[in-house]
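Asker: Let me give you the structure first, and then I'll get to my questions.
We did not get these values from a lab; they are worked out from the coordinates using the rules stated. Treat the numbers as computed from the prediction; the structure is a model and nothing was measured. Every residue, glycine as well, gets a Cβ built from its backbone with ideal geometry; the counts of neighbours run over all protein chains shown.
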Amino acid sequence: MKIHFIAMGGSAMHNLAIALHKKGFTVTGSDDVFTEPSKSRLDKYGLLPANSGWDEKNITPDLDAVILGMHAKADNPELLKAQNLGIKIYSYPEYVYEQAKNKTRVVIGGSHGKTTITSMVLHVLKEASLDFDYLVGAQLEGFDTMVKITNEAPLMVIEGDEYLSSPIDRRPKFHLYKANIAVISGIAWDHINVFPTFENYAEQFSIFIDTIEKGGQLIYCEEDKVLKNLVENHSTEIKKVAYCLPQHKIKNGITILINNNQEYPLQVFGDHNLLNLQAAKAVCTALQIDEEIFYKAISSFKGAAKRLELIGQNERTNIYKDFAHSPSKLLATIKAVKDQFPERKLIACIELHTFSSLNKKFLQEYAGTMDEADEAIVFIDRHTFVQKNMEPYENMVVKEAFKKQDVIFFDDAKLLFRHLNQLNFKDSNLLMMSSGTFAGTDLAKFSENILENN
């Protein structure tokens, strides 16, 4: 097979390109810019084009397919030529389905926890020495790539994103996988630029349920009232399996899972992660993984990258970074750290970076989400407003939206980190949350400095 990727530099796209290359396909690709880590990883496999930019000459009649990434525009010259030549054009979720349509497909959906649940399932399957393919939204310890596609594996585990598939295919990605076993972790409004109302957003999950294969299984969190109502009132020929918080305790900052009078210390914590674990367990049960194997394996799970990732600690301070950016994720992450270390002060800093979080209307969804933090800080890089062509807003707008008068607001990274460096972190934890980069700040180096001075 000869495949060309348009907008190959994206996280999912470059991993799919590498996976198909490993499968023996002839793979080419293009993008207007290649950044790290995709640039180095593509170069390692000989897939990095000599020059950046679009070139119609990349599109030749002998191509079997073109895979189109979201970063490309509908008037992309390579896309237009492929359309004129009648070459089959896929979004990456469409092509993943083509590669997996004869396999058992596990699709993990939901507004939050997708990456962690997928990662937990993959970790257990690997510990159980099973053969499987996968697509996951983060780099995992022990896995070379974020996508693996083979001819042999009978199973594929897929993180099912609800965002759009491509510039010419406006369907959410998770609608295209046709799950045999599906998970919905929860429903909390996101992607306001595509789904302008909560009702419109929630409808996508109803459609997702409709895409599950007949005789399939839906695993869902019954503690999410919106989701519970949706699933229980949805008429479909599938098995419905609900999950909730498991029995557990916290001892000396460690969460311990309790099952059949056996105790299993975990390396992750927080109610949201315990719910993620229960979703992963239900998936593994559906795949006939022995319960004892699951619990032993999950005890060694360290978490997905940037998901409550411990980046520094001493005897009196822990520093975490987390991907939390939406209101539901922010609330869950702050609660997790506060519950795990109730005797410590919590300093929580959120960078608002996505289109939704910067929208003045959507900003109201953050009301009360930082109430459990002892010191709450909101950061928006002023350049982000410029890049997204959005009107900046003042300190009072943030205070009113978060409904927290003592919240501190910064729009300059230098001032933010100057403030943080002046704080006393003894008997305190610091939580840095963002889907961005805090204006390119090296958080590991910053963490070292904090711990040296406290």
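Asker: Once a ≥ b ≥ c are taken as the square roots of the eigenvalues of the Cα gyration tensor of the chain, is the result rounded (a/c under 1.5), prolate (a/b larger than b/c) or oblate (a/b not larger than b/c)?
Answerer: The shape class here is oblate.
Asker: Moving on to the next point. Dipole size in debye (nearest 20) for the stretch 2-87 around its Cα centre, Lys and Arg Cβ +1, Asp and Glu Cβ -1?
Answerer: Here the size comes out at about 320 debye.
Asker: Enumerate by residue number the trypsin sites (Lys or Arg not before Pro) in the stretch 211-281 meeting two conditions: DSSP loop (anything except H, G, I, E, B), and at most 11 other Cβ atoms within 10 Å of the site's Cβ.
Answerer: Lys214
Asker: In the chain, which whole DSSP H runs stretch at least 15 Å along their own axis (Cα) and average 0.0 or higher on the Kyte-Doolittle scale?
Answerer: 11-22, 114-127, 271-286
Asker: Classify the stretch 179-285 from the C-alpha gyration tensor, please: rounded if a/c falls under 1.5, else prolate or oblate depending on whether a/b exceeds b/c.
Answerer: Oblate.
Asker: Nearest 5 percent is fine: what portion of the DSSP beta bridges confined to the chain is antiparallel?
Answerer: Antiparallel bridges: around 25 percent, rounded to the nearest 5.
Asker: Going by how many other Cβ atoms sit within 10 Å of their own, how do Tyr320, Tyr90 line up, fewest first?
Answerer: Final ranking by Cβ density, sparse to dense: Tyr90, Tyr320.
Asker: Something else now. Please go through the stretch 132-193 and write out the GluC sites (Glu not before Pro) that DSSP classes as loop and that have at most 12 other C-beta atoms within 10 Å. Spell out each step's value before the answer.
Answerer: On the way: sites: Glu141, Glu152, Glu159, Glu162; in loops: Glu141, Glu152, Glu162.
Passing sites in the stretch 132-193 are Glu141, Glu152.
Asker: What distance in nm separates the two pseudo spin-label positions at Ile168 and Lys249, each 7 Å out from Cα along the beta-carbon direction?
Answerer: 6.1
Asker: Scan the stretch 331-375 for GluC sites (Glu not before Pro) in coil per DSSP, keeping those whose Cβ has at most 11 other Cβ atoms within 10 Å, and list them by number.
Answerer: Glu343
Asker: Relative contact order of the stretch 225-354, please, whole-number percent, based on alpha carbon pairs below 8 angstrom and at least 6 residues apart.
Answerer: Once normalised by length, the contact order is 20 percent.
Asker: For the stretch 180-188, what does the Karplus curve 6.51 cos²θ - 1.76 cosθ + 1.60, with θ = phi - 60°, yield as ³J(HN,Hα) per residue in whole Hz, taken in order and with x for Gly and Pro?
Answerer: Along the stretch 180-188, the couplings run 8, 10, 10, 10, 10, 7, x, 10, 9 Hz.
Asker: For the chain, what relative contact order do you get, as a whole percent, if you take Cα pairs closer than 8 Å and at least 6 residues apart?
Answerer: Relative contact order, the chain: 12 percent.
Asker: Now, a different point. Within 10 Å, count the other beta carbons around each residue, average over each peptide in 200-212, 388-400, and list them highest first.
Answerer: Result, highest mean first: 200-212, 388-400.
Asker: Starting with the fewest neighbours, write out Ser300, Ser434 ranked by other beta-carbon atoms found within 10 Å of each beta-carbon.
Answerer: Lowest to highest Cβ neighbour count: Ser300, Ser434.
Asker: For each of Tyr134, Tyr95, Tyr264, count neighbouring Cβ atoms within 10 Å of the residue's Cβ, then give the residues from fewest to most.
Answerer: Ascending number of Cβ neighbours within 10 Å: Tyr264, Tyr95, Tyr134.
Asker: Between Ser129 and Ala74, what is the label-to-label distance in nm when each label sits 7 Å out along the Cα-to-Cβ direction?
Answerer: Spacing of the two 7 Å Cα→Cβ label points: 5.3 nm.
Asker: Please label the shape of the stretch 2-87 as rounded, prolate or oblate, based on the square roots a ≥ b ≥ c of the eigenvalues of the alpha-carbon gyration tensor (a/c under 1.5 means rounded; beyond that, a/b larger than b/c means prolate, else oblate).
Answerer: Judged from the Cα gyration tensor, the stretch 2-87 comes out oblate (a/c at least 1.5, b/c at or above a/b).
Asker: Once fully extended, how much extra length lies between Glu98 and Lys2, figured as 0.36 nm per residue of separation less the alpha-carbon to alpha-carbon distance?
Answerer: 33.1 nm
Asker: I would also like to ask the following. Counting each DSSP H run of 4 or more residues in the chain as -39500 (n - 2.57), what helix-only mean residue ellipticity at 222 nm follows after dividing by all residues, to the nearest 500 deg cm²/dmol?
Answerer: Numbers: 16 runs with 152 residues, N = 454.
So the helix-based figure for the chain works out to -9500 deg cm²/dmol.
Asker: What FRET efficiency, computed as 1/(1 + (r/R0)^6) with R0 = 25 Å and r the Cβ-Cβ distance, is obtained for His234 and Glu213, rounded to the nearest 0.05? Before the final figure, lay out each step's value.
Answerer: Numbers: r = 15 Å, r/R0 = 0.61.
Using R0 = 25 Å, I get an efficiency of 0.95.
Asker: Under a point-charge model restricted to the Cβ atoms of Lys and Arg (+1) and Asp and Glu (-1), what is the dipole moment magnitude of the stretch 309-452 relative to its Cα centre, in debye to the nearest 20?
Answerer: Once rounded to the nearest 20, the dipole reads 220 debye.
Asker: Give the lysines whose C-alpha is closer than 16 Å to that of Lys329, dropping any in the same chain fewer than 8 places away, or say none.
Answerer: Lys329 reaches Lys114, Lys306, Lys321, Lys338.
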